[in-house]
Amino acid sequence: MQLGTELCDEFLKGEYQYFLAVHTDRDHIHLHCIFNNINMIDGKTFETHQNQGKVSERKWKKLREAADNLCSENNLSVIQNPEMSKGKSHYEWDMNRHGLSWKAKLKFAIDQVVKESENFDDFLMK
């Protein structure tokens, strides 16, 4: 929690509200940071101020680098090859939440056919 506070204070420079939550629901401890997209100083969004230009120069990439460096300096694990993560994009998560994700629809259809199938060949036929 202390490292998360340090990171947010440095990264957000006191211009955005944030909330931290430490979890131990996996085999590793991890921290989630949620911050208000609206700047408290002028009411503009984070994207307006910080997230323009080339992807390699955007603030999100710099945040990940700062978090990784902070973890390394404090002998904490760092996700290797984060670009290969199985995480969902916000769009995919939102579509799933509204029942509009093609992956969620496919999963539901498969689950229904599994329930009605006598064996694997029957499943494939259906």
Note the listed values (i) 17.8; (ii) 14.3; (iii) 18.2, then indicate which one is Kirkwood radius over Cα pairs in Å calculated from this particular structure.
(iii)
Helix 2-12 versus the longest principal axis of the chain: what is the Cα-based angle in degrees, 0 to 90, to the nearest 10?
70
Skip the ligands, DNA and RNA, and give the accessible area per residue of the chain with a 1.4 Å probe, whole Å².
81
With every protein chain in place, what's the accessible area of Arg97 (1.4 Å probe, Å², nearest 10)?
140
Alpha-carbon centroids, segment 11-43 and segment 101-120: separation in whole Å:
37
So how tilted is helix 59-73 from the main axis of the chain? Cα-based, degrees 0 to 90, rounded to 10.
80
With a 20 Å threshold on alpha-carbon distance, the violating pairs from Lys13/Lys62; Lys105/Lys126; Lys13/Lys61; Lys61/Lys105 are Lys61/Lys105
Exposure ranking of Phe46, Phe35, Phe120 by accessible area [1.4 Å probe, largest first]
Phe120, Phe35, Phe46
Ignoring ligands, DNA and RNA, what percent of the accessible area of the chain is carbon or sulfur (1.4 Å)?
55
Residue order for Met40, Met125 - accessible surface, 1.4 angstrom probe, largest first:
Met125, Met40
To the nearest 10 degrees, how steeply does helix 102-116 sit against the main Cα axis of the chain, on a 0 to 90 scale?
30
For Ser101, the residues 5 or more places away or on another chain with a placed amide H closer than 5 Å to its own amide H are Asn96
Give the long-range amide H neighbours of Glu15: residues separated by 5 or more places, or on another chain, with amide H under 5 Å away, using H modelled in the peptide plane at 1.01 Å from N.
none
Give me the number: length gained by fully extending Glu65 to Asn81, i.e. 0.36 nm times residue separation minus the C-alpha to C-alpha distance, one decimal in nm.
4.5 nm
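The values are calculated or read from the model by the stated rules, or taken from the named source; none is laboratory data. Quick caveat: nothing in here was measured; it's all calculated off a predicted structure. What goes into the accessible areas is simple: the full protein's heavy atoms, side chains included, and nothing from ligands, DNA or RNA. Shrake-Rupley method; radii C 1.70, N 1.55, O 1.52, S 1.80 Å.
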